[in-house]
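Undergrad: Once you've had a glance at the structure underneath, I'll fire off some questions.
Every read-out reported here was derived from the displayed coordinates using simple, explicitly stated rules and does not represent laboratory data. Predicted, not measured: the structure shown is a model, and the values here were computed from it. Neighbour counts run over all protein chains shown; Cβ positions are idealised from the backbone, glycine included.
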Protein chains: 2
Amino acid sequence: MRELVKVFRALSDETRIRILKVLLERECCVCEIMQALDISQSRASRNLGILEGAGFVKSRREGLWMVYAIDEQAMNSYVAALIEVLRGSLVNEEIILWDRERLSRAMRVGPRAIRK
Amino acid sequence: MRELVKVFRALSDETRIRILKVLLERECCVCEIMQALDISQSRASRNLGILEGAGFVKSRREGLWMVYAIDEQAMNSYVAALIEVLRGSLVNEEIILWDRERLSRAMRVGPRAIRK
DNA sequence: AGACTATATGCACATTTTCGCATATAGTGT
DNA sequence: ACACTATATGCGAAAATGTGCATATAGTCT
């Protein structure tokens, strides 16, 4: 139960939904999330952490970068179903399109260069 | 987006998940929810209102009673999928079993008789 | 080692959420 | 109209949440 609540709570925030929609496009490091959503570094990092804690996302280190990706397997029962719901949602939502646009121009350049 | 967040937010609370699991058993008036979950009247009413606002639940008046039920049709795209996720979840969760047990003994007797 | 980088996190603060209490509202029945 | 009932809701308090700022942590490179 605790677990299920945590899973839904993770999705009950616009920032985190936007992050997941971006990660459904492709895996990203934190600074790419910052650029795609145009948000601060701590905000990106913290919300990625919450998504990871709920089981939506996994991370791996790649040099200085932490790369986050949708956890396609491993997901506990509900998570997989919820990812599918998200995959089909918000397909024409303006902010999601913007995020995708910015993502396409994002580079692994680090927050120093972005100053958010 | 606003709508999607509202839907997930509605599920991000243990009380509301318990209510939905009870309503998946059968429709209930507010006082039956109070008895099944062993919670106060205002708590039952308010959380039912939130579930209704998010589209999970519909209500009809039946004399003095307001009867709440899972909104099987009408549900906007995601809601139906989420109901299905819930239907398959928590099948052996202790608190859910207790709620169901208390529900089976609940009667339309009104909060006056329950004093919660 | 030291300088530099990307990411995580402690802290403070504002906002939101949840809930109980008391009361308002709406319907029933005399 | 009046008494009574079930449910909704305004208000206040406590707790939880989201975020920015500054700093800590962890890794790279010379």
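Undergrad: Once both axes come from the Cα atoms, what is the angle between helix B:41-54 and the longest principal axis of chain B, in degrees from 0 to 90, rounded to 10?
TA: So the helix axis and the longest Cα principal axis differ by about 20 degrees.
Undergrad: Report the FRET efficiency, 1/(1 + (r/R0)^6), for A:Arg102 and B:Ala113, where r is their Cβ-Cβ distance and R0 is 41 Å, rounded to 0.05.
TA: 0.10
Undergrad: Which residues' amide hydrogens lie under 5 Å from the amide hydrogen of B:Leu90, considering only partners 5 or more residues apart or on another chain, with H built in the peptide plane?
TA: none
Undergrad: Hey, can you rank B:41-48, A:16-23 by average C-beta count inside 10 Å, highest first?
TA: Ranking, from highest mean packing down: A:16-23, B:41-48.
Undergrad: Using amide H atoms built 1.01 Å from N in the peptide plane, name the residues 5+ places from A:Cys29, or on other chains, whose amide H lies under 5 Å from its own.
TA: A:Tyr68
Undergrad: List the relative contact order of chain B as a percent without decimals, with contacts defined as Cα pairs under 8 Å and 6+ residues apart.
TA: 35 percent
Undergrad: Next question. How tilted is helix B:77-87 with respect to the longest principal axis of chain B? Cα atoms for both, answer in degrees (0 to 90, nearest 10).
TA: With both axes taken from Cα atoms, the answer is about 50 degrees.
Undergrad: Let me ask something additional. What do you get for the angle between helix A:94-105 and the principal long axis of chain A? Use alpha-carbon atoms, 0 to 90 degrees, nearest ten.
TA: Here the helix axis deviates by roughly 50 degrees.
Undergrad: Taking every residue in B:3-12, how many Cβ atoms of other protein chains lie within 10 Å of its Cβ, on average?
TA: Counting other chains' Cβ atoms within 10 Å and averaging over B:3-12 gives 6.
Undergrad: Using a label point 7 angstrom from Cα along Cα-to-C-beta, what distances in nm, from shortest up, separate B:Glu72 from the other copies?
TA: List, nearest first: 3.7 nm.
Undergrad: Next question. At R0 = 45 Å, how high is the FRET efficiency between A:Trp65 and B:Leu64 if r is their beta carbon distance? Nearest 0.05 is fine.
TA: 0.15
Undergrad: Tabulate in residue order the Karplus-calculated ³J(HN,Hα) for the range A:9-15, using 6.51 cos²θ - 1.76 cosθ + 1.60 with θ = phi - 60°, rounded to whole Hz; enter x for Gly and Pro.
TA: Karplus values, whole Hz, x for Gly and Pro: 4, 4, 8, 8, 8, 4, 4.
Undergrad: Rounded to the nearest 0.05, what FRET efficiency do B:Asn92 and A:Glu52 have when you use their Cβ-Cβ distance and R0 = 30 Å?
TA: Taking R0 as 30 Å, the efficiency between B:Asn92 and A:Glu52 is 0.65.
Undergrad: Most exposed first by the Cβ proxy, i.e. fewest other Cβ within 10 Å, how do B:Val57, A:Val85 rank?
TA: A:Val85, B:Val57
Undergrad: Please work out whether the range A:2-104 counts as rounded, prolate or oblate from its C-alpha gyration tensor, where a ≥ b ≥ c are the square roots of the eigenvalues and a/c under 1.5 means rounded, while otherwise a/b larger than b/c means prolate and anything else oblate?
TA: Note, shape of the range A:2-104 comes out oblate.
Undergrad: Moving on to the next point. For chain A, modelled as a Gaussian network with Cα springs under 10 Å, which listed residue fluctuates most, A:Ala54, A:Ala106, A:Ala81?
TA: Looking only at A:Ala54, A:Ala106, A:Ala81, the biggest GNM fluctuation is shown by A:Ala81.
Undergrad: Okay, helix-only estimate at 222 nm for the protein assembly as shown: each DSSP H run of n ≥ 4 adds -39500 (n - 2.57), divide by all residues, round to 500 deg cm²/dmol; what do you get?
TA: -17500 deg cm²/dmol
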